[in-house]
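A quick write-up on the structure given underneath.
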Amino acid sequence: MALYLVQHGKSLPKDQDPDQGLSEEGAAETERIARTAVDKGVTVSRIRHSVKTRARQTAEIFARALNPKQGVQEISGIKPMDDVAKAAAGLDPAADTMLVGHLPYMERMTAFLITGSIDRPILKFQNSGIVCLDKDPATQAWVILWTLLPKIG
């Protein structure tokens with residue numbers, strides 16, 4: 001049981017694509033991370049993504065690899081500057097949900113869940129990377145279980 005936070009894959013510049021869809025590199029990197037997740041036994045029940053094209057495309061790549069039983073759905077409330085506290089209140093690690101969104105939202109959500117403050121960054125996300133969180137059964141505090149990032153260093 002876990003919560004998976006994902007920053008969308010690398011996108012095209014706005015002058016090349018006004019919707020800033022995934023670049024070839026972004027799609028390939030996302031596919032590589034998704035395959036690695038499958039190889040490591042990651043399972044998700046559902047994937048939720050923001051309204052932006054690059055997040056949807058990233059979610060679709062993960063969905064093809066992970067085959068979530070409850071599918072893929074666009075949701076509101078996870079755009080770059082949205083309120084993480086509001087969304088955090090409804091998170092359930094037992095739901096095995098993957099959220100695909102943007103910076104600074106994903107970093108702020110991770111910080112908020114772990115420290116209670118968005119002002120205390122604890123992790124730098126990478127495009128296409130996964131951060132897996134869960135609640136410690138003894139304390140009910142959120143903890144980072146693992147990360148799967150495209151680049152080391």
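Here are the numbers for this structure:
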| read-out | value |
| --- | --- |
| Phi-based couplings in Hz for the stretch 136-147 (Karplus 6.51, -1.76, 1.60; Gly and Pro marked x) | 5, x, 6, 10, 6, 8, 5, 9, 8, 7, 6, 10 |
| Between 0 and 90°, nearest 10: helix 53-66 axis offset from the chain longest Cα axis | 70 degrees |
| Distant-in-sequence amide H partners of GLU74 (H built 1.01 Å from N, under 5 Å) | HIS49 |
| Protection proxy ranking of 64-70, 123-129, 33-39 - average other beta-carbon atoms within 10 Å, highest first | 123-129, 33-39, 64-70 |
| Sequence-distant lysines (8 or more away, or on other chains) whose Cα lies within less than 26 Å of LYS52 | LYS10, LYS14, LYS69, LYS79, LYS86, LYS124, LYS151 |
| On Cα atoms only, tilt of 105-115 relative to the major axis of the chain in degrees | 10 degrees |
| Inter-part distance where the stretch 70-118 and the stretch 1-31 are each reduced to a Cα centre, Å | 17 Å |
| Cα-centred dipole magnitude for the chain, charges only on beta-carbon of K, R (+1) and D, E (-1), debye, nearest 20 | 100 debye |
| Dipole of the stretch 1-64 [Lys/Arg +1, Asp/Glu -1 at C-beta], most positive-end residue of PRO13, THR58, GLY41 | GLY41 |
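The numbers here are math on the coordinates, done by the rules we state, and not lab data. What you see is a predicted model; the values in this text were computed from it and never measured. As a convention, Cβ positions derive from the backbone with ideal geometry for all residues, glycine included, and neighbour counts pool all protein chains shown.
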